[in-house]
Amino acid sequence: MSNAAAPAAPRARTCLAVMLAAGEGTRMKSARAKVLHEIAGRSMLAHALTALREAGATRVAVVVGPDREDVAEEARRFLPGAEIFTQAERLGTAHAALAAAAALKKTEDDVVVAFADTPLVEPATYERLRAPLAAGAAVAVLGFEAADPFGYGRLVSDKDGLAAIREERDASPEERRITLCNAGLMAIRGERALALLREVGNRNVKGEYYLTDVVGIARAAGERVVVVTAPEAEVMGINDRAQLAEAEAIVQARLRRRAMKAGVTLTAPETVFFSLDTEIGSDVVVEPHVVFGPGVRIESGAVVHAFSHLEGAHVARGASVGPFARLRPGAAIGAKARIGNFVEVKNAEIGPGAKANHLAYLGDATIGEGSNIGAGTITCNYDGFDKHRTEIGKGAFVGTNSSLVAPVSIGEGAYIGSGSVITDDVPADALALGRGRQAIKQGWAKAFRNAASARKMKAKAKDPVSS
């Protein structure tokens, strides 16, 4: 056996991500900050932060606009350790990055400048953007091949790499024919980042400081600048509602492919909508027009039938939900349980094998294993001030059109007669009836019809015109 020491593993490079989230996005026509608008149930800012974290960012600095505590709060919610900085004046992208100068002084190996309104960039793309820095480049710029390059900054290269980023208005006719365009994102070697950003001068008629000028500054200093490319759809920026809808379509297509590759059957994939955090097991079948809101977990072998809406719910193995079912936050559907058409479940545990096949509201309840909940059953959980809980034991049978006025407990194996209003606890194996006694009056219907007919005939004989 050799006594030679094994070679040390290469040290992982640290990374500071500077997330620019100061844009207001007036084209959204919204009082809400642009970067808080959601795609697949998660804000644009959260999408971008999640990708950076998964790409190995060791620190994140988020630059927000003045009086945007809502944006800062969202950043802290997803990354509790995020450092928050404010860009008091909107003087360009380099100026925004320099708002995080205090973070840039704590030098990391790599600095990635990202944008919260470019939320579709994948973690692998951020990793590829950083890779040239480890090989000696000072700056790496993310680019894309544009189907229509008009309006984009062109990436002008020479034998030594990227020479400049030329804006449309400044480009020569030859440069305007370039289809390789600037996506805006940039990686800078950590020890050079602050100095390069500070060298960006007031170089344009708008009196703004642009991140793109870093390229020319680095090249003038004899340093290497490279381009890393990504698909055009991945680097799209979002400035209005139409682009937000385009981004939603892209993300949903990704999520559908991911689900099907993981063994999920989507019978009409284009009609199913996921949230980014949807967890769905293999051999799950999802029928058309199903919407998964945030916080849904579906275990293997379950079926979600058409036109169902789920949010904050857990569906166990082999359970069946829908069609036209609604599972609200706190719904927990047990193994092989059945929630049928037009059944709504909220903050309720449905035991294994229990059934609520149609037309019921089950809120703030625990329903025991194997119980049967008849059509039209309602757990009356709200008294106008507080919510109260209904407890239904194992194997209970609740007849149709029953109202269970919480707080109330139905014992194991108990029966609730159809049409009952239950206000008191029901012991195990008992029958509870909470309805008026039926009365039968023989011949009443015939007498009623005869009297009514006689009145009509009399009125007609008295006034044939109006009749």
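Report, in degrees rounded to the nearest 10, the 0 to 90 angle that the Cα long axis of helix 69-78 makes with the longest principal axis of the chain. Between helix and principal axis, roughly 80 degrees.
With the simple model of a label 7 Å out from the Cα in the direction of the Cβ, ASP70 to THR265 spans 4.4 nm. Over segment 289-350, the alpha carbon radius of gyration divided by the compact-protein estimate 2.2 N^0.38 Å works out to 0.91. Taking the square roots of 5 times each eigenvalue of the Cα gyration tensor of segment 241-432, largest first, gives ellipsoid semi-axes of 34, 16, 12 Å. Rounded to the nearest 10 degrees, the inclination of helix 123-134 to the longest alpha-carbon principal axis of the chain is 20 degrees. Annotation for segment 334-375 versus segment 26-82: alpha-carbon center distance of 38 Å. Size estimate for the chain follows the Kirkwood approach: the inverse of mean 1/r over distinct Cα pairs works out to 26.9 Å.
For LYS29, the lysines whose Cα falls under 26 Å of its own Cα, not counting residues fewer than eight places away in the same chain, are LYS206.
Take every pair of alpha-carbon atoms less than 8 Å apart whose residues are at least six positions apart; their mean separation over the length of the chain yields a relative contact order of 8 percent.
By the helix-only formula, in which each DSSP H run with n ≥ 4 contributes -39500 (n - 2.57) and the sum is divided by residues, the chain has a 222 nm mean residue ellipticity of -6500 deg cm²/dmol.
Exceeding 23 Å between C-alpha atoms, which entries from my cross-link table qualify? They are LYS346/LYS387; LYS105/LYS159; LYS106/LYS159. Beyond 23 Å between Cα atoms: LYS105/LYS159; LYS106/LYS159.
From least to most packed, judged by other beta carbons within 10 angstrom and beginning with the fewest, LEU162, LEU91, LEU431 follow the order LEU431, LEU91, LEU162.
DSSP bridge analysis restricted to the chain gives an antiparallel fraction near 20%, rounded to the nearest 5. In terms of other Cβ atoms within 10 Å, LYS460, LYS355 run from fewest to most in the order LYS460, LYS355. Using R0 = 22 Å, the C-beta based FRET efficiency linking LYS105 and ALA135 works out to 0.30. Cβ crowding within 10 Å, taken as a proxy for footprinting-reagent exposure, orders CYS380, CYS181 from fewest neighbours to most as CYS380, CYS181. To the nearest 0.05, how large is the calculated FRET efficiency for ASP386 and LYS456 if R₀ is 56 Å and r is the Cβ-Cβ distance? With R0 = 56 Å, the Cβ-Cβ based efficiency is 0.60. The lysines within cross-link reach of LYS458, meaning a Cα-to-Cα straight distance under 25 Å and a gap of 8 or more places when in the same chain, are LYS446.
Taking amide H atoms as placed 1.01 Å from N in the peptide plane, the amide H of ALA164 lies under 5 Å from those of VAL156, each 5 or more residues away in sequence or on another chain. Only Cα sites of segment 122-191 enter the Debye sum here, all with the same form factor; the resulting log10 I(q)/I(0) across q = 0.13, 0.18, 0.26 1/Å is -0.40, -0.72, -1.16, listed in q order. For the pair segment 145-221 / segment 106-144, the C-alpha centres are spaced 15 Å from each other. Taking Lys and Arg as +1 and Asp and Glu as -1, the other residues whose beta-carbon sits under 11 Å from that of ALA55 total -1.
Computed from the coordinates by the stated procedures, all read-outs in this text should not be read as laboratory data. Because the structure is predicted, anything quoted here is derived from the model rather than measured. Backbone-built Cβ (ideal geometry, glycine too); neighbour counts: all protein chains shown.
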